[in-house]
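**Q** The structure under discussion is supplied below as structure tokens; questions concerning it will follow.
The values are calculated or read from the model by the stated rules, or taken from the named source; none is laboratory data. Since the model is a prediction, treat every value here as computed from it, not as a measurement. Glycine also receives a Cβ, built like all others from the backbone with ideal geometry; neighbour counts cover every protein chain displayed.
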Amino acid sequence: MSDSVEHVLIVGAGLAGLRTAEELRRGGYTGEITLLGEENRAPYDRPPLSKQYVRGETDDTALRPAEFFAEQDIRLRLGVAATGVDTVARRVRLADGSEIEYDALVIATGLRPRRIPNLPAVDGVHVLRSHADAAGLREHLGSARKAVIVGAGFIGCELAASFRSRDLDVTIVEPQPTPLYAALGAEVGALVTRLHEAEGVTVRCGVGVESLVAEGDSVKGVRLADGDALDADLVVIGIGSVPVTEWLEGSGIPLANPADGGGVLTDEHGRTAVPGVWAVGDVAAWPHAVGRNKRVEHWTNAGEQAQTLAAALLGTEPTAEVQVPYVWSDQYDMKIQVLGIPALADEIRIVEDKGRKFLAHYLRAGELVAVVGASMVGKVMKARAELAANLRPQTPVG
């Protein structure tokens, strides 16, 4: 690292931002680190929000105790958003009118939930991304009886399981052919459908939402594109998220095409084309094995990228080890694990199907590129070495 890097400013106080700060300290960086967060809350863990937290089983989702930041000499500045950046003067503008100078800027602003256009703003309609979102949803859950979840991705499926544990009548609405279709394909999606239906969830796939049904200021149901109406006193919109990059407008920091998922374009170490600017986590479009820069919205990915970025920023050799992407989802009494890159596959084989347990292999030209299992922890993780050998980084496109 150059001696001129006296202050690293990390914009985004989520998992990726926190891990970057930690890795810098672990790597021997003794300069100033500021962790800037829009939420008025220290870094917290998001996965429990759709499960233990929303069910009222825990209140503590903090990633680190309060004293950690003083011990590590990491300055927290919370409750204020970044609104712009001057990459020549190396200053970030904040919503309160102030500015922060930096020598190295790490963009870790993450995502915000995508919303359905033109839906009225009425009580009882929720999204889930932030701690505040989860707190509002948990409070409403205490009085709700019928829930409609729009979107059957991982969050939608986890919420369906959480709601059923509270005896709600739950319907999932998904425009694609099955739950988790985009992530895992129709074959595994059918097994996930079976799981939820066995737990009493109504799964409506292949149809979208036309409008909300409201009475006064409260939601009373959802009208589908096929004309059906579903009663609901709680609605969750879980149709994905978009990267928080609008504050970078006019900065010259390159962004990926929105059609490819958007995000901040970087090299394989998180470095952007603008000197002194880096990006990490959900907002960052790093080179990917699919052959182009791509954002990866997984918990483990944030930590792995932070380790690589910090090493590069410090001028040390980043790890050359092939990282096998990993994500998990807890639904009911099952852990669904995804190891590898299902999007690379041209063939999906269900190799075991034992009802609440299953195992699927994802192949590209006959070569294993991903494994997905439900309650098959050992068999999934056993494939890591083979997957590491098969998954090789590709040169980014563009």
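**Q** Find the residue count for the stretch 66-99, including only residues that are more than 25 Å from residue 27 (Cβ to Cβ) and hydrophobic (A, V, I, L, M, F, W, C).
**A** 6
**Q** Considering 28, 17, which residue is assigned by TED's automatic domain parsing to the domain that holds residue 92, within 18 Å of the chain's Cα centre (by Cα) and within 19 Å of residue 106 (Cβ to Cβ)?
**A** 17
**Q** Step by step: first the residues of the stretch 343-367, then only those that are among the hydrophobic types (A, V, I, L, M, F, W, C) and not in a strand (DSSP E or B), then the one that is farthest from residue 386 (Cα to Cα). Which residue is that?
**A** Within the stretch 343-367, the match that is farthest from residue 386 (Cα to Cα) is 343.
**Q** Still on this structure: Taking only the stretch 287-298 into account, find how many residues are touching a residue at least 40 places away in the same chain (Cβ under 8 Å) and either buried (at least 17 other Cβ atoms within 10 Å of the Cβ) or closer than 17 Å to residue 104 by Cβ (or both).
**A** Total satisfying the criteria: 7.
**Q** Might you check whether a residue that is part of a strand (DSSP E or B) and closer than 28 Å to residue 61 by Cα occurs anywhere in the stretch 131-140?
**A** No - not one qualifying residue is present in the stretch 131-140.
**Q** Wholly within the stretch 191-235, which strands (runs of 3 or more DSSP E) include no fewer than the required count, namely at least 2 residues that are under 14 Å from residue 119 (Cβ atoms) and in the same structural domain as residue 163 (by TED's automatic domain parsing)?
**A** 209-215, 218-224
**Q** Which of the following residues is of a type in the set (Ser, Thr, Tyr), surrounded by 21 or more Cβ atoms within 10 Å (Cβ to Cβ) and in contact with a helix residue (DSSP H, G or I) (Cβ under 8 Å, 6 or more places away or on another chain): 53, 102?
**A** The unique qualifying residue is 53.
**Q** What number of residues within the stretch 63-93 satisfy the criterion of being surrounded by 14 or more Cβ atoms within 10 Å (Cβ to Cβ) and without any contact (Cβ under 8 Å) to a residue 40 or more places away in the chain?
**A** Qualifying residue count for the region: 4.
**Q** Which one is farthest from residue 139 (Cα to Cα) among residues in the stretch 57-109 that are of a type in the set (Phe, Trp, Tyr) and in contact with a strand residue (DSSP E or B) (Cβ under 7 Å, 6 or more places away or on another chain)?
**A** Among residues in the stretch 57-109 that are of a type in the set (Phe, Trp, Tyr) and in contact with a strand residue (DSSP E or B) (Cβ under 7 Å, 6 or more places away or on another chain), the one farthest from residue 139 (Cα to Cα) is 102.
**Q** In the stretch 323-372, what residues are on the phi > 0 side of the Ramachandran plot and exposed (fewer than 14 other Cβ atoms within 10 Å of the Cβ)?
**A** 355, 365, 366
**Q** Which of the following residues is in a helix (DSSP H, G or I) and under 25 Å from the mean Cα position of the chain (by Cα): 242, 188?
**A** Sole residue among the options that is in a helix (DSSP H, G or I) and under 25 Å from the mean Cα position of the chain (by Cα): 188.
**Q** Select from the stretch 236-255 the residues that are touching a residue at least 60 places away in the same chain (Cβ under 8 Å) and more than 19 Å from residue 14 (Cα to Cα) and list them in ascending order.
**A** Within the stretch 236-255, 236, 237, 238, 239, 249, 250, 251, 252, 253 qualify.
**Q** Of all residues in the stretch 182-235 being touching a residue at least 60 places away in the same chain (Cβ under 8 Å) and among the hydroxyl-bearing types (Ser, Thr, Tyr), which is nearest to residue 149 (Cα to Cα)?
**A** Within the stretch 182-235, the match that is nearest to residue 149 (Cα to Cα) is 211.
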